[in-house]
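A short worksheet on the structure shown next.
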Amino acid sequence: MSYEEFIKLYERCTSGNCTPEEQKLFEEYRDNFELSDIPWSSDFGDKADVEKRLKIDLHNRLSKNQVKRLMPVRWWAAAIIIFALGGLLVAIKYFGGNTKPYELTSDKNIIKPGSNKATLTLVDGKQITLDGAKKGQLFTLNHVSANNDVDSSVTYRKNTSEITGSPQPYNILTTPRGGKYQLILADGTKVWLNAGSTIKFPVDFAGSERVVEFSGEAYFEVAHDASKPFKVACAGQVVQVLGTHFDINAYQDENAVKTTLLQGSVKVYGKSRPSTSASSEIIIKPNEQAVFKNDQLSKQTVDADEFVAWRNGVILFRNADIHDVMRKISRWYNVEVEYQGQMGNDTYNGEIPRNAAFSEVLKILKLDDINVKLNGRKLIVSQ
């Protein structure tokens, strides 16, 4: 079988359009498959190991070909993307010959991956731009100091163990589209904000509970304090915990608010819930997700790690439609998306490292037959 014949057979099999005879032929040929056509680099790792893992992946792709993949269909591109060390997109230059990766520019606008950046708004309205590049104290208020750390986090620290009962002033931390940042609250709770997110929080927690307001997406690691429940109010619901790890996706352009639990347990209920009623609340456990949609709560079992992949540097897609794919890409790369024509019902699986150049993202989309065109900072998607 020639190289060209193999490419055609591979594309037919992985798209679900092959006959049983073609699939059998492909599997027989795959067993003798070698990566001899790839210009190899030591950066890719051990060649024999990559070949073995590629064969396993091809088998999995054949067994799941009813779902359209958000991955390149050519075997050599798949090898480079899927099996590069650490799962990163390296050697992407082989998508288009030996051209090096490049950033897309238009009208002096450079489209880059998101980065560590946020704006902190103080109680008096003053705004402080944060990027984690400089370490130092931002301010001291009452018995709490706020510092911007070099690891791209703003940290609130108590300067005394004194418990203050009076209400504390609120600050607001906001990440733009194409930004992320970490916040450590005065009680030790850690919050990772995804792009386009906002959290409003007291400088310190007074009274019998800890309450923050939130929109967008964030991962919380709540410091345990049995005497003060921690509550997150967002998009018509409240998440209540004592100490736990969970993710909340509460973007306004999503059709539901999703709270995914990784550790501990949380109670989720609607803000309008009668205080004496338990019918509008649910309790979720690890690998469960509370879904708040149309003022109704439900829960489902999930793989929680999928929903926090963004915190680990990956844009992850699992059975995502084209709108899901584009929402995640547009938030992280701060681009506008315009749809032309009726979008199909295809679903996509795959992942894109959040440090990938936008040019690489476009190539991946196009290789998966997603028609995209860039006009300035507007990404036009068509059938």
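Given a 1.4 Å probe and every protein chain left where it sits, what share in percent of the accessible area of the range 206-294 is carbon and sulfur?
46
Just the accessible area per residue of the range 143-207, please: how many Å² with a 1.4 Å probe?
36
Could you provide, to the nearest whole Å², the per residue accessible area of the range 297-374 with probe 1.4 Å?
46
Would you work out if the range 222-312 is rounded, prolate or oblate? Take a ≥ b ≥ c from the square roots of the eigenvalues of the alpha-carbon gyration tensor; rounded if a/c is under 1.5, else prolate when a/b is larger than b/c, oblate otherwise.
oblate
Which pairs, out of 180/258; 126/285; 117/258; 180/267, put more than 31 Å between their alpha-carbon atoms?
Listed pairs above 31 Å: 126/285.
Which shape class, rounded, prolate or oblate, goes with the range 313-357 when its Cα gyration tensor gives a ≥ b ≥ c as root eigenvalues, a/c under 1.5 marks rounded, and past that a/b bigger than b/c marks prolate?
The shape class here is oblate.
Suppose R0 equals 22 Å; then what is the FRET efficiency for residue 8 and residue 371 from their Cβ-Cβ distance, rounded to the nearest 0.05?
E between residue 8 and residue 371, to the nearest 0.05, is 0.55.
The values are calculated or read from the model by the stated rules, or taken from the named source; none is laboratory data. Just so we're clear, the structure is a prediction, and the values are computed from it rather than from any experiment. Reconstructed Cβ throughout: ideal geometry from the backbone, glycine too, with neighbour counts over all protein chains shown. Accessible surface areas use protein heavy atoms only, side chains included; no ligands, DNA or RNA. Shrake-Rupley method; radii C 1.70, N 1.55, O 1.52, S 1.80 Å.
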